[in-house]
Structure formats: C-alpha cells, structure tokens
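To start, the structure under review is shown below, and the notes come after it.
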Amino acid sequence: MNATNPYAPPKAEVADMSAAQAGFQPVRFWPPSGRIGRLRLLAYATAIMAATQLAATILVVILRATSAVNPLFAILGYVVWISTLVLLFLLYIQRAHDMDWSGWAGLLGLIPLVNLIFVFKAGTLGANRFGAPPPPNGIWVKIGAFVMCGIFFLGCIGILAAIAIPAYQQYVQRAQAATHR
C-alpha cells in the first residue's frame, strides 16, 4: 500500500511566467486598444502634465530671453497643448476599455470633474471584450499616482487659501475700523 502525504509540495517545477502567459496584456500608448488601470492612468497623466509644464517653461524662458514676439512660439505652444490633449485622450480611451466601455467614453475624461469617474470606478475583473486585464502596478506607477494625489490635495489647499486669506484680511480691516470709532 503506497500512502502519499497530502501536505507534500507539488512535484512539478514552476518557472517564471511572462505577462502573456500570466493573462495580462502589455501596456502601450498606441494603438489605444489596450486597457490601463486607475493608478496607471494617474501616474501617466502626471508624467504627461510634467512634460507639458517643462515644455511650456522652456518656451517661456526662450521667449523672455529673445524679447521678441515671434508667431513660432505661439504655434509651438499650441502644438504642445494639442499633443497633451491627444495623449491624455489616448489614456482615457484605454481606461474606458478597462471599464468595458466604448473608447468614445474617453471624451468624458476631458470634461473637468466628470473625469473623476475614471479614477473612482473600478475596471472589470479578468478579461473583457477589449482584452486581458492590465498588468499589476509597479512601484513607479504607485509613486506617480501618489504624486498626482498630492498635487491635487495641495491645489485644493491653495484654492481654499486664496479664498480664505483675503476674506480674513477684510474681516480684520473691518474689525480695526470698528474699534477706532
């Protein structure tokens, strides 16, 4: 009688699996037929906006240094702006695919406050009609998403400060004027 140990490890060897074997699809910008998750959307949007800000800063520095009005700078500014919108739209298309929506729903991502649906709504688990799920997020994706959330938080604090500080200053001036009467 041959008794086997039910607690023994399996006899098969386990090798590392590639992304395709693990059931994930690679992340790419073009074609926009793939899927990306919420954190990757935030991280990539942070990188795109940082690159846009850098390009705009370089254009402004060059414009200030030359102190000449040149229509080429306006054209370059529009090219940077339009390319940023195109790249963000490609990200929103892939995020819409992750939620099993049509790519046309990516247009909602270009509307302020409505685009928050892409951050808060979870994607479909497993494969959907747009392919396998996106790969797990790495450390740089998590850091990029955290940076975007930090920028959003600091922006909210800045807006509140821009409203509250002048209101407080007016309050102090009225209080001082009332005490000097």
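Computed from the coordinates by the stated procedures, all read-outs in this text should not be read as laboratory data. Quantities reported herein were computed from a predicted structural model and do not represent experimental measurements. Here the Cβ positions follow ideal geometry from the backbone for every residue, glycine too, while neighbour counts run over all protein chains shown.
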In range of the label at A122: residues from segment 83-110 whose backbone nitrogen is under 20 Å from the point 7 Å along Cα→Cβ | 95-102
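By how many nm would the segment from W104 to A47 lengthen if fully extended, with 0.36 nm per residue of separation less the alpha-carbon distance? Don't skip to the answer; put the middle values down first.
On the way: separation 57, 0.36 × 57 = 20.52 nm, distance 2.33 nm.
Contour length minus the Cα-Cα distance gives 18.2 nm.
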How do 107-114, 79-86 rank on mean C-beta neighbours within 10 Å, highest first?
-> 79-86, 107-114
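Would you mind ranking V61, V27 by Cβ crowding within 10 Å, fewest neighbours first?
Fewest-to-most ranking of V61, V27: V61, V27.
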Grab the other residues whose beta carbon is less than 14 angstrom from that of G144, score K and R as +1, D and E as -1, and report the net.
-> +3
Quote the Stokes-Einstein diffusion coefficient, in whole µm² s⁻¹, for segment 26-176, based on the Kirkwood radius over alpha carbon pairs, a temperature of 20 °C and a viscosity of 1.002 mPa s.
-> 120 µm²/s
Sorted by packing (mean other beta-carbon atoms within 10 Å per residue), highest first, where do 94-100, 144-150 land?
-> 94-100, 144-150
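Could you order the peptides 30-37, 116-123 from most to least packed, using the average number of other C-beta atoms within 10 Å per residue?
30-37, 116-123
Which value at 222 nm does the chain reach when only helices count, each DSSP H run of 4 or more adding -39,500 (n - 2.57), with the total divided by all residues and rounded to the nearest 500 deg cm²/dmol? The partial results should precede the final answer.
Numbers: 5 runs with 106 residues, N = 181.
Per the formula, -20500 deg cm²/dmol.
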